[in-house]
Amino acid sequence: RGDAAFRRGEAAAAARLWTRAAAAGRDDRRLAVACLANTARAQLDLSRATDALRAAAEALALDPDHARARYFRARALLALGRRADADEAIAWLVAREPGNPRVLELEAEAARVPEAAPAEVDVPRADGDAARAKAAAPAAAPTDPTVRARAAARPAFA
């Protein structure tokens, strides 16, 4: 039923159905992993990268070698601005599926995403004036709606 909802463009309903199916199907590990990977995909389509990352992590806890879950994890990490973590996940995918066009597309896309920029903070100078300086701090998730929409609109991993 989650597949049908997703095909109708009802990503939120699909995510709920797949999440329920994964919970109900914990005895069938393959089913649970597939449902959780699908949930991650739906969450990305809804621009809910944190929820997508959580679903992918649950899937990978059950099957660390599940390529679709790793793919959606990488996409979620990119959407959250965690480029270094995404690069690691993508490297695993490239090593496992070197000819997969979606993996290669994701790798090229990640290369276009800038590394996390340090945050700006006020640093008082000796003369008492505040100077703008760069300080190493984690970057926030992208806030530009265009960037977020582009991340959500990427083709799904096959």
**Prompt:** What order, most packed first, do the peptides 102-108, 50-56 have when packing is the mean number of other Cβ atoms within 10 Å of each residue?
**Reply:** 50-56, 102-108
**Request:** Please calculate the 1.4 Å probe accessible area of Asp65, with all protein chains present, and give it to the nearest 10 Å².
**Result:** 80
**Solvent accessible area, Å² - Glu10, 1.4 Å probe, full protein context** = 80
**Message:** Give me the one-decimal nm value for the distance between modelled label points at Glu97 and Asp28, 7 Å along each residue's Cα-to-Cβ direction.
**Reply:** 2.2
**Pairwise label distance in nanometres, Glu88 with Arg16, each label 7 Å out on the Cα-Cβ vector** = 3.5
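The values are calculated or read from the model by the stated rules, or taken from the named source; none is laboratory data. Quick caveat, the model's predicted, so the values are computed rather than measured. With ideal geometry, Cβ positions are generated from the backbone for all residues, glycine too; neighbour counts draw on all protein chains shown. Ligands, DNA and RNA are excluded from the accessible area calculation, which covers all protein heavy atoms including side chains. Shrake-Rupley method; radii C 1.70, N 1.55, O 1.52, S 1.80 Å.
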